[in-house]
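*Asks:* Handing you a structure now.
The values are calculated or read from the model by the stated rules, or taken from the named source; none is laboratory data. Since we're looking at a predicted model, the values are computed, not measured. Cβ sites come from the backbone with ideal geometry, for glycine too, and all protein chains shown count toward neighbours. Just so you know, the surface numbers come from the protein's heavy atoms only, side chains and all, with ligands and any DNA or RNA stripped out. Shrake-Rupley method; radii C 1.70, N 1.55, O 1.52, S 1.80 Å.
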Amino acid sequence: MKVLYFDCSSGISGNMTLGALSELIDDPHYLVNELKKLNVDGYHIHISKEKKNGITGTYVDVHLEHEHHHEHRNLFDVNKIIDESEIDEKAKDLAKRIFLRVAKAESKVHNETLENVHFHEVGAIDSIVDIIGTAILLCKINPDVIYSSVVNDGYGFIECAHGMISVPVPATSEIFAASNAITRQIDVDTELVTPTGAAIIAEIASEFTTMPAMNVQKVGWGTGTKDLVIPNVLKVSLGEIKKKTKL
């Protein structure tokens, strides 16, 4: 049984997920080539190796063209982009399920209907790339099951479009409250889990636990943007659990 295990001890974000998963496939151009099937412009992707506390990982940065910085979309707009793309049907379905989790959370936080809520987080091109790119890579890896550690977030306050808000941010809190995710706060004064990251792990992980006994075959490391007392990395292990045969 092919298993993916997400170590979210330093949190999770969209670009950290893309970085870690891209290290688990053998084709460095696969993600960029597949994302061209979205037929969306206004961005380009830069993939680099970065070090966090001595750990080297992959950083996937979505560079936005200036005129697209303030473009917001609703759930209908995002689903239309996905449906009209040429990506794998399983990836389309997974991406739409992840977006729906964010949409429901944003709807509750802002007291808007799903039709009326515009995503500051998810409507932006970078979050569209993060979520759809994650779905593309997961379908390429095609695990039988995905597990996650307890998801750690920080504490304190961060600046957002509406001013200063507490960590975990409201959308992240609502996403986790509507899932089976196991989360906690640790002593790091910043946001470690973005709403995009929360929606991804809430949708794909079937259980939140320590890593099962497995033969690890590959490890992917995805780096974030922050320099912290802990390494700002997401570790994803790809391995095999052999089914026991009856005597």
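*Asks:* Considering only residues that are open to solvent by 10 Å² or more (accessible area, probe 1.4 Å) and under 10 Å from the mean Cα position of the chain (by Cα), which ones fall in segment 14-28?
*Replies:* If the condition is that a residue be open to solvent by 10 Å² or more (accessible area, probe 1.4 Å) and under 10 Å from the mean Cα position of the chain (by Cα), then ASN15 is the only one that fits.
*Asks:* Sticking with this one: Taking the condition more than 23 Å from VAL60 (Cβ to Cβ), touching a Lys or Arg at 6+ places or on another chain (Cβ under 6 Å) and open to solvent by 40 Å² or more (accessible area, probe 1.4 Å), does GLU174 pass? Let's see the steps before the verdict.
*Replies:* On the way: more than 23 Å from VAL60 (Cβ to Cβ): yes; touching a Lys or Arg at 6+ places or on another chain (Cβ under 6 Å): yes; open to solvent by 40 Å² or more (accessible area, probe 1.4 Å): yes.
It is true that GLU174 is more than 23 Å from VAL60 (Cβ to Cβ), touching a Lys or Arg at 6+ places or on another chain (Cβ under 6 Å) and open to solvent by 40 Å² or more (accessible area, probe 1.4 Å).
*Asks:* To continue, here is another question. Just for segment 233-247: of the residues that are out of contact with any helix residue (DSSP H, G or I) (no Cβ under 8 Å at 6 or more places or on another chain) and crowded, with 16+ Cβ neighbours inside 10 Å, which one is farthest from ASN180 (Cα to Cα)?
*Replies:* We begin by selecting, within segment 233-247, every residue out of contact with any helix residue (DSSP H, G or I) (no Cβ under 8 Å at 6 or more places or on another chain); these are 237, 239-247.
After this cut, where a residue has to be crowded, with 16+ Cβ neighbours inside 10 Å as well, the list is 237, 239.
On the way: SER237: 21, GLY239: 23 Å.
By that ranking, first place goes to GLY239.
*Asks:* Still on this structure: Among the candidates ALA213, ALA198, single out the residue that is open to solvent by less than 90 Å² (accessible area, probe 1.4 Å) and small (Gly, Ala, Ser). Steps first, answer last, please.
*Replies:* Values: ALA213 fails: open to solvent by less than 90 Å² (accessible area, probe 1.4 Å).
Checking each option against the conditions leaves just ALA198.
*Asks:* Follow-up. On the given criteria, is SER9 among the polar types (S, T, N, Q), surrounded by 14 or more Cβ atoms within 10 Å (Cβ to Cβ), at pLDDT 95 or above and farther than 13 Å from ILE141 by Cβ? Break it down stepwise before answering.
*Replies:* On the way: among the polar types (S, T, N, Q): yes; surrounded by 14 or more Cβ atoms within 10 Å (Cβ to Cβ): yes; at pLDDT 95 or above: yes; farther than 13 Å from ILE141 by Cβ: yes.
Taking the combined requirement at face value, the residue satisfies it.
Yes/no per residue for (1) in contact (Cβ under 8 Å) with a residue 24 or more places away in the chain; (2) out of contact with any Leu (no Cβ under 6 Å at 6 or more places or on another chain); (3) part of a strand (DSSP E or B):
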| site | (1), (2), (3) |
| --- | --- |
| PRO168 | yes, yes, no |
| ALA171 | yes, yes, no |
| ALA181 | yes, yes, no |
| ARG184 | yes, yes, yes |
| GLU191 | yes, yes, no |
| ALA198 | yes, yes, no |
| ILE201 | yes, yes, no |
| LEU238 | yes, no, yes |
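*Asks:* Return the total of residues in segment 91-114 being over 17 Å from the mean Cα position of the chain (by Cα) and open to solvent by 80 Å² or more (accessible area, probe 1.4 Å).
*Replies:* The initial filter retains those residues of segment 91-114 that are over 17 Å from the mean Cα position of the chain (by Cα), namely 107-114.
Keeping just the survivors that are open to solvent by 80 Å² or more (accessible area, probe 1.4 Å) gives 108, 111-112.
The total comes to 3.
*Asks:* For the subset of segment 166-184 comprising residues that are under 15 Å from the mean Cα position of the chain (by Cα) and over 13 Å from SER148 (Cβ atoms), which member is modelled with the lowest pLDDT?
*Replies:* ALA171
*Asks:* Further, regarding this structure: Can we say VAL117 is crowded, with 17+ Cβ neighbours inside 10 Å, in contact with a His (Cβ under 8 Å, 6 or more places away or on another chain) and in a loop (DSSP other than H, G, I, E, B)? Give the steps one after another, and end with the answer.
*Replies:* On the way: crowded, with 17+ Cβ neighbours inside 10 Å: yes; in contact with a His (Cβ under 8 Å, 6 or more places away or on another chain): yes; in a loop (DSSP other than H, G, I, E, B): yes.
It is true that VAL117 is crowded, with 17+ Cβ neighbours inside 10 Å, in contact with a His (Cβ under 8 Å, 6 or more places away or on another chain) and in a loop (DSSP other than H, G, I, E, B).
*Asks:* Let me ask something else. Applying the selection to segment 4-40, what residues are farther than 13 Å from GLY220 by Cα, outside any helix (DSSP H, G or I) and touching a residue at least 24 places away in the same chain (Cβ under 8 Å)?
*Replies:* Selection gives SER9, SER10, GLY11, ILE12, SER13, ASN39, VAL40.
*Asks:* Let me ask something else. Between SER179, SER206, SER166, which is over 22 Å from LYS2 (Cβ atoms), hydroxyl-bearing (Ser, Thr, Tyr) and open to solvent by 40 Å² or more (accessible area, probe 1.4 Å)?
*Replies:* Details: SER179 fails: open to solvent by 40 Å² or more (accessible area, probe 1.4 Å); SER206 fails: over 22 Å from LYS2 (Cβ atoms).
After ruling out the rest, the residue left standing is SER166.
*Asks:* Return yes when GLU67 is open to solvent by 20 Å² or more (accessible area, probe 1.4 Å), part of a helix (DSSP H, G or I) and at pLDDT below 90 and no when it is not. Working first, answer last.
*Replies:* Working: open to solvent by 20 Å² or more (accessible area, probe 1.4 Å): yes; part of a helix (DSSP H, G or I): yes; at pLDDT below 90: yes.
Criteria met by GLU67.
*Asks:* Is one or more of the residues making up segment 141-153 among the polar types (S, T, N, Q), assigned to a strand (DSSP E or B), modelled with pLDDT of 90 or more and surrounded by fewer than 23 Cβ atoms within 10 Å (Cβ to Cβ)?
*Replies:* The answer is yes; a qualifying residue exists.
*Asks:* For the structure I just gave you, tell me whether GLY156 is within 17 Å of GLY11 (Cβ to Cβ), at pLDDT 95 or above and loosely packed, with under 13 Cβ neighbours inside 10 Å.
*Replies:* Numbers: within 17 Å of GLY11 (Cβ to Cβ): yes; at pLDDT 95 or above: yes; loosely packed, with under 13 Cβ neighbours inside 10 Å: yes.
So GLY156 passes the test.
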